[in-house]
Every structure is written in structure tokens, then in C-alpha cells.
Amino acid sequence: MQTVLFVCTGNTCRSPMAESIARHLVAANAIEGLDADLFLASAGVAAMDGAPYTDHALTVLERRSITHEGSSKPLTPEMIRNATHVLGMTDRHVDAARRLVAGEPDQIAKIQRLDPGRDIDDPFGGSEAVYDAVAEYFLAALPARLRELLSLPAYGDPS
């Protein structure tokens, strides 16, 4: 079973939204060729254990018929070791995760930024529209990124 772990700061906005949207895409068979044997999770580099997700994060997910239950979890070295891919929202998250497994090159290698081209800004404290923009980004970007990470052919590619 492959595991994708999404990582942000407090695990109350970006990473749970990415986890929920990825789970929704998988359940809806929106990622052609994806093995259903995939575990998706999220954590935060500075998360308090058990903090609730933000109301705006839950609202923008619900508006898209996507649910997410649970609460925040702090990132641990064990979570990283158990994951196939660890995807930070920013370079700062990637660096913090890599520090947790310093001296373990095989673990460090699987930690990268969700979007290789840019950081994903934190919507915390922003309006619902800011959260909507993050959700729309995840809906658009996650299928291709997961296909790439999980070594699936591009959509429509017969190979």
C-alpha cells in the first residue's frame, strides 16, 4: 500500500484540505489508473494534537460535497517513515520534515513540495474566498501530481 502524507504548519487548513480532496478524487475515480490501495493522511510541523480544522476549510469542502473528519496531528518521524511520499506545502515544511529524519537519506528523499514550482500560501485567517482558491488549486493540481508521484500514465495515455 502506498501512503501519501500531506504536511503544512498547523494541520487545520491546507494539509487536511489536500488530504480530503485527494480522497474525494480517488473515491470518484477521477484519477484514472490509480490503485485503490492508497492511504492518504495529513499532519502539521507545528500542529497541536487534536485542534479542530478551521470553519472555512470545512465549509469550502462541504460546498463541494467533500467531507473531512478528525483533528490536527503533529508530524512525527514515524509518520514520515511509514509514508511513501511526504508532500509539504512550502519549502519550510519540507525542511522541517527533513530535519525530523536527519541522517536517513532514504527518508529525506521522499519528502518534497506538493507543487514543485511554488509554495502554497496559507489561507489561515483569510476569507472564505481565500480558502476557496486553495481548494480549487488542489482540485486542479492533485490528479496530475498524484499520477506523477505514483508512477501512473498521464490521463489519456494508453501506456
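We did not get these values from a lab; they are worked out from the coordinates using the rules stated. Just so it is clear, the structure is predicted and the values come from calculations on it, not from any experiment. Positions of Cβ are generated from backbone atoms using ideal geometry, with glycine treated the same way; all protein chains shown enter the neighbour counts.
So the values come out like this:
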{"read-out": "Karplus (6.51, -1.76, 1.60) ³J(HN,Hα), θ = phi - 60°, over segment 66-80, in Hz, Gly and Pro reported as x", "value": "10, 10, 8, 10, x, 8, 5, 9, x, 5, 10, x, 5, 4, 5"}
{"read-out": "Loop-located GluC sites (Glu not before Pro) in segment 1-75 whose Cβ has at most 10 other Cβ within 10 Å (DSSP)", "value": "Glu69"}
{"read-out": "Formal net charge of residues neighbouring Gly10 (Cβ-Cβ distance under 15 Å; K, R +1; D, E -1)", "value": "-2"}
{"read-out": "Glu69 versus Glu128: modelled label distance in nm, points set 7 Å from Cα along the beta carbon direction", "value": "2.4"}
{"read-out": "Potential extension, Leu150-Arg99 segment - 0.36 nm per residue separation minus Cα distance", "value": "15.9 nm"}
{"read-out": "Backbone HN-Hα couplings from phi across segment 39-46 [Karplus 6.51/-1.76/1.60, Hz, Gly and Pro as x]", "value": "9, 10, 8, 8, 7, x, 6, 10"}
{"read-out": "Distance between segment 121-151 and segment 2-78 - C-alpha centres, whole angstrom", "value": "11"}
